[in-house]
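Each value in this text was obtained by applying a stated rule to the coordinates, not by laboratory testing. These figures come from a predicted structure and were not determined experimentally. FYI the Cβ positions are ideal-geometry reconstructions off the backbone, even for glycines, and counts take in every protein chain you see.
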Amino acid sequence: QYRMVKEALEERANLLEIAPHLSAPLPIMLPVYKWWQLPYYWIGIKLYDLVAGSQCLKSSYVLSKSRALELFPMLRKDELVGAIVYYDGQHNDARMNLAIALTAARYGAATANYAEVLRLLKAPDPAGGKPRVCGVRCRDVLTGQEFDIKAKCVINATGPFTDSVRKMDDQEVPNICQPSAGVHIVMPGYYSPDNMGLLDPATSDGRVIFFLPWEKMTIAGTTDSPTDVTSHPIPTEEDINFILSEVRNYLSADVEVRRGDVLAAWSGIRPLVTDPNSKDTQSISRNHVVTVSDSGLVTIAGGKWTTYRAMAQDTIDAAIQEHNLNAGSSKTIGLLLQGAEDWSPTLYIRLVQDYGLESEVAQHLASTYGDKAFEVAKIAQVTGKRWPIVGKRLVSEFPYIEAEVVYGVKEYARTAVDIISRRTRLAFLNVQAAEEALPRIVDIMGKELNWSEQKKKEELETARKFLYYEMGCKVKSDQLTDSSEISLQPADIERYKKRFRMFDKDKKGFITILDVQRVLESISVQIAEKTLHDILNEVDLNKNGQVELNEFLQVGASVTK
């Protein structure tokens, strides 16, 4: 696999060059708990550096036990021998995807989101009379309008949906895609250092687990299990608990890894492929595969994010050859993506000084939009406060501002889900925060897109469903009701509900942990602070310092046992 690794490392270097605002090197630690593993892993990582050659981000190095704990204080100390640190790249995937589409549009590509292919159009080949693909029949998913797009060449680059498009061309063609589900979870930032990731190359069942700082939170994953292809994959409680149990193995016993600290969880589908041109058609290809059907449909499948540019180049090369298209050689190596041209690491300072944005908001805008951050700052609303002068936040604990919703509409956003998941990353960072921001997001989008009250209501409902099923809300609420049933007498339930309502004067649907202590004191329940802490750990599954009625009844059940 030397060539595959070499190509990936070359493409990684290019990605860091063409979108420096969206991608950056990240040191990743491999903790070592057996002496013999130290030279074993060290040799492997040094070979990795060697293959990278001049494109090596930074040289890997070995750490002593004390130095490893200094850099990653949450690490489990028992039997730790030392650690090896290597460098890899990390990026904001949704924003990178958008930057590529916007850059393509800038160079003349016609782009359309929410356009679904219903069938392929075919016409007889003038030379031999065989049917050839000459376009597609499309449907605008948002309006239901159907239309044709004529083309000299049609390329199928649809990830997990690869085979469904191939079968539009030929019903008899065998499947080449073997979809695999990977679940990730997001936890509070205090679970990892600000600038150091953790990788376990050999978990209890042989899967790789990583634990990385991301957007000031911690992202952990991943799982790998066969799945059906769906537009709405849902994470399972089993997968979430597998990741948590592996995380526990590597963190100090002082760090209590809690199910309630999972702020968001989602499942993605990897489009693993078998190569139809290979002798062994059953084996999964680690690389991407380009195939051309008898009717001229070009399919690109497999591959990975890092090598997207090389995949595109190989695909276009195949299209040029198959359809005798006039084109020069590829020019995408070193071609800067949207936002990269005038970006610099200190650009955010100008945003603070010129527009009066908070430093955290300015840093977020610079690292998300690059040099286009000024366009967002220009439409940011005045706060009416002494500081910051502009930039009203959507939710207090995240640096996303209302102006980003307006700007998101200019970036082709058409639904509230687009904003919370693909223009900002709010849904992936904290489901509750995303839900809290939704009404305001829908209001702003409604003004920009002239939505009716009915349309706004539908958008709100669709986005809440998305958060509930696809971002981990459902598994969390299921776990709450399944694992901790309320064992109170009806009279006690009414008594606790009455007390809850007394303290929830504003009818927000929750009370604070301090209120819980006051309620217990008011009904003469004496409970040690540590015991209350343990009970709240069990019942406050959201871990947001807010105790909802259902959670409050759990506390009541615990103290009246």
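Specify, per residue and in Å³, the volume enclosed by the convex hull of the alpha carbon atoms belonging to the chain.
Cα convex hull per residue, to the nearest whole number: 197 Å³.
Near the amide H of ILE84, under 5 Å away, which other amide H atoms are found, from residues 5 or more places off or on another chain, if H is placed in the peptide plane?
Residues meeting the criterion, in which the H sits 1.01 Å from N, are LEU30, VAL32, LEU63.
Please report, for the Cα atoms of segment 23-91, the Rg to one decimal and the Dmax as a whole number; what are they, in angstrom?
When restricted to Cα atoms, segment 23-91 yields Rg and Dmax of 12.5, 38 Å.
List every residue whose amide H lies under 5 Å from the amide H of ASP125, counting only residues 5 or more places away in sequence or on a different chain, with H placed 1.01 Å from N in the peptide plane.
Close amide H contacts, sequence-distant or interchain: LYS130, ARG132.
Among 360-367, 212-219, how do they line up from the highest to the lowest mean number of other beta-carbon atoms within 10 Å?
Highest mean packing first, the order is 360-367, 212-219.
Quick one: which residues, 5 or more positions from LEU26 or on another chain, have an amide H under 5 Å from its amide H? H modelled 1.01 Å from N in the peptide plane, none for Pro or chain starts.
Here ASP88, GLY89, GLN90 satisfy the definition.
What whole-number distance in Å separates the alpha-carbon centres of segment 307-333 and segment 428-468?
With segment 307-333 and segment 428-468 each reduced to a Cα centre, they are spaced 40 Å.
Residues in segment 120-140, backbone N under 18 Å from the label point at ALA157 (7 Å along the Cα-to-beta-carbon vector): list them, ranges by number please.
135-136
Tell me, what ³J(HN,Hα) does each residue in segment 453-467 have, in order and in whole Hz, if you take phi through Karplus 6.51 cos²θ - 1.76 cosθ + 1.60 with θ = phi - 60° and put x for Gly and Pro?
4, 5, 5, 4, 4, 5, 4, 4, 5, 4, 5, 5, 5, 4, 5
Give me the distance between the Cα centres of segment 171-245 and segment 353-402, rounded to whole Å.
What the calculation gives is 32 Å, centre to centre.
Taking the highest mean first, how do the peptides 86-99, 379-392, 339-352 order by number of other beta carbon atoms within 10 angstrom per residue?
Descending mean neighbour count gives 86-99, 339-352, 379-392.
Which number gives the lysine pairs in segment 121-227 that have C-alpha atoms under 14 Å apart and are eight or more places apart or on different chains?
4
Given the chain, what percent of its DSSP beta bridges are antiparallel, to the nearest 5?
Beta bridges within the chain, antiparallel portion: roughly 95 percent.
Let me understand segment 346-476 better: what is its radius of gyration from the alpha carbons, and its Dmax, in angstrom?
14.8, 45
Can you give the calculated 222 nm mean residue ellipticity of the chain, where each DSSP H run of n ≥ 4 adds -39,500 (n - 2.57) and the sum is split over every residue, rounded to the nearest 500 deg cm²/dmol?
Calculated from helices alone, the mean residue ellipticity at 222 nm is -12500 deg cm²/dmol.
Using 0.36 nm per residue, how much length does the chain from GLU7 to SER225 gain when fully extended, once their Cα-Cα distance is taken away?
75.8 nm
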